[in-house]
Amino acid sequence: MESMHLIEMSEGMMVSGIILALSFIGIFTETIHGFHRVKVAMLGAAVMLVVGQSYGFYSAEGAFEAVDWNVVFLLGAMMAIVAIMINSGGFEVMAANIGKIAKGRQFMLLAMLGTAVTVISLLLDNVTTVVIFGPLIVLICQKMKVTAIPYLMAAALLSDTGGVATLVGDPPNLMIGSAANIAFLPFAEKMFPIVFVAWIATLFFLRYLFKDELAVVPEGKFEDSIPYKDKGLWNKSVSILGLMVILFMIHNIIHWQPWMVAGTGLILLTILAKEIEFEDVMKNMTHEIPLLMFFIALFMIVGGVEGSKFLEYLGQFIVPYLIDPVTGDVIPENFMVTCIVLMWVAAIMSAAIDNIPFTAAMIPIIMSLEVAGVNVAALWWCLALGVGMGGNGTHIGSTANVYIVTVSEKLAKTTGNPDMRITPYMWAQKGLPVMLLTLVICTIIMYLFFDYYSLPLG
């Protein structure tokens, strides 16, 4: 085996890394300097493009291609569908039914919502799941007169965790499955057991983290039945969502991108719900449009870093643990350590930058090892676990997290209560411990059953 060529640090890499670091520092400290994260991200994207063009590693075309439009269009379409569904009053009815079952027991309510979110995130991606459940959680908590923060964060953290179990549960899983040619059932067979253990631990850890908030006895009760505003519209919406679930599950077979499924659902709903005006829909999306702009800018920033090869430069430092730098041969005894190191590096990086671009940067590195003759099966599983669990660490670690934070900001504004807002510091207090807990669990299981996860794919 030939020795692998190592990438050397260039000035362009260093500059792109500095822009990335400053952009994310600005995003994380928005409460201090007062500039909204969307403005910071847009400024970072503009600087990355200008500087990247001057150094020759980025272009306007490259910035456009760096955006994962599948995620953007998927998120936008699902937001529009939820905005239409809000007009039916169906979410209020669901909120009342869940509230009645919980009977004011807050942890019971959190467990019910968390389970529902997770089950759906196994079939839909976690972004779509929190888009559906975000408004529902707010309504339930307003009715019960309790803070929505534990439930919103639980929705994001549990969907992020649970979504790792299936090929369609998290966008990075689709990317890994496509690169490694892993089908739906083999992926679930490997990932579901380890994710299930991590999910159970997360649920009860959340009970501890939010023990003060969950100990409060709700003042509001769900006693009276709440009528639908438009039951016909709700039934049409639910039917279309059911169709979309089926299409999401078979989208690889029919060669449809997830955004095509969401877009088709939106078109069908607008046709069936012809009485709904687009102006009304847009009014319900006033806080969601900036979110889409944020993601576009974020993708452009990270795209510039990818273009400079800085992420590949960082990623290559796992190679010495696996490949003898002198002979170029695989070091078998270090393989497990390498896999676990990759999982933790992937988690830390995914907490700092969105896990989709990081996954895109790591895939060619792992594939190059496979070409070199290494059995990389365990590396794929560790990458999926790392980017999935790592997203819990920060408020921008996953798309679902950012959406939930946006929901909390909207709630804080509409209620006039700034305490309803999930701040970066608050997320670090709750989300980061969850990330560390799940990673420790995954590390232990990977250590105990490494031979199982090392079985060749296919």
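The values are calculated or read from the model by the stated rules, or taken from the named source; none is laboratory data. Everything numeric in this text was worked out from a predicted model, so none of it was measured. Every residue, glycine as well, gets a Cβ built from its backbone with ideal geometry; the counts of neighbours run over all protein chains shown.
Name the residues in the stretch 60-92 that are free of Cβ contacts under 8 Å to residues at least 12 places away in the same chain and among the small types (G, A, S), would you?
A60 - this is the single residue of the stretch 60-92 that is free of Cβ contacts under 8 Å to residues at least 12 places away in the same chain and among the small types (G, A, S).
Residues of the stretch 118-174 being assigned to a helix (DSSP H, G or I) and among the acidic types (D, E), which ones?
D160
Could you tell me which residue of the stretch 364-405 is surrounded by the fewest Cβ atoms within 10 Å (Cβ to Cβ), considering only residues that are among the β-branched types (V, I, T) and closer than 23 Å to I331 by Cα?
Filtering first and then ranking leaves V371.
Inspect all residues belonging to the stretch 213-230 and state whether any of them is in contact with a helix residue (DSSP H, G or I) (Cβ under 7 Å, 6 or more places away or on another chain), of a type in the set (V, I, T) and not in a loop (DSSP other than H, G, I, E, B).
No, that holds for no residue.
Looking at this structure, is E61 among the acidic types (D, E), part of a helix (DSSP H, G or I) and more than 28 Å from D160 (Cβ to Cβ)?
Here the answer is yes, as E61 does meet what is asked.
Report whether or not L233 is in contact with a Lys or Arg (Cβ under 9 Å, 6 or more places away or on another chain), more than 22 Å from I396 (Cα to Cα), part of a helix (DSSP H, G or I) and at pLDDT 85 or above.
No, not satisfied.
Starting from residues that are within 14 Å of L298 (Cα to Cα) and crowded, with 22+ Cβ neighbours inside 10 Å, keep the ones in the stretch 50-67 and report whichever is modelled with the highest pLDDT.
Restricting to residues being within 14 Å of L298 (Cα to Cα) and crowded, with 22+ Cβ neighbours inside 10 Å, the top hit is A63.
Within the stretch 242-309, which helices (runs of 4 or more DSSP H) (wholly inside it) include 1 or more residues that are aromatic (F, W, Y), free of Cβ contacts under 8 Å to residues at least 40 places away in the same chain and surrounded by fewer than 16 Cβ atoms within 10 Å (Cβ to Cβ)?
Result: 278-283.
When the stretch 199-230 is examined, which residues are found to be over 21 Å from I149 (Cβ atoms) and either exposed (fewer than 14 other Cβ atoms within 10 Å of the Cβ) or at pLDDT 95 or above (or both)?
Those that are over 21 Å from I149 (Cβ atoms) and either exposed (fewer than 14 other Cβ atoms within 10 Å of the Cβ) or at pLDDT 95 or above (or both): I200, E223, D224, S225, P227.
Which numbered condition in (1) surrounded by 15 or more Cβ atoms within 10 Å (Cβ to Cβ); (2) more than 29 Å from I365 (Cα to Cα); (3) touching a Gly at 6+ places or on another chain (Cβ under 6 Å) is the only one that D160 fails?
Just one mismatch for D160, condition (2).
Looking only at the stretch 4-41, filter to residues that are charged (D, E, K, R) and more than 19 Å from S59 (Cβ to Cβ); which one of those is surrounded by the fewest Cβ atoms within 10 Å (Cβ to Cβ)?
Filtering the stretch 4-41 for residues that are charged (D, E, K, R) and more than 19 Å from S59 (Cβ to Cβ), the one surrounded by the fewest Cβ atoms within 10 Å (Cβ to Cβ) comes out as E8.
Please tell me if G386 is under 28 Å from F449 (Cβ atoms), in contact (Cβ under 8 Å) with a residue 40 or more places away in the chain, in contact with a helix residue (DSSP H, G or I) (Cβ under 7 Å, 6 or more places away or on another chain) and assigned to a loop (DSSP other than H, G, I, E, B).
No: the conditions fail for G386.
In the stretch 17-38, which residues are outside any loop (DSSP other than H, G, I, E, B) and either among the aliphatic types (A, V, I, L, M) or in contact with an Asp or Glu (Cβ under 9 Å, 6 or more places away or on another chain) (or both)?
Residues satisfying the conditions are I18, I19, L20, A21, L22, I25, I27, I32, R37, V38.
When you scan the stretch 414-437, do you find a residue that is under 24 Å from V72 (Cβ atoms) and either of a type in the set (D, E, K, R) or not in a helix (DSSP H, G or I) (or both), even just one?
Within the stretch 414-437, one or more residues are under 24 Å from V72 (Cβ atoms) and either of a type in the set (D, E, K, R) or not in a helix (DSSP H, G or I) (or both).
Each row is one residue, and each column tells you yes or no for (1) out of contact with any Ser or Thr (no Cβ under 7 Å at 6 or more places or on another chain); (2) at pLDDT below 95.
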{"position": "Y403", "(1), (2)": "yes, yes"}
{"position": "V407", "(1), (2)": "yes, yes"}
{"position": "V434", "(1), (2)": "no, no"}
{"position": "V440", "(1), (2)": "yes, no"}
{"position": "D451", "(1), (2)": "yes, yes"}
{"position": "G458", "(1), (2)": "yes, yes"}
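I'd like the full set of residues that are within 26 Å of M260 (Cβ to Cβ), among the charged types (D, E, K, R) and modelled with pLDDT of 85 or more, limited to the stretch 118-174.
D160
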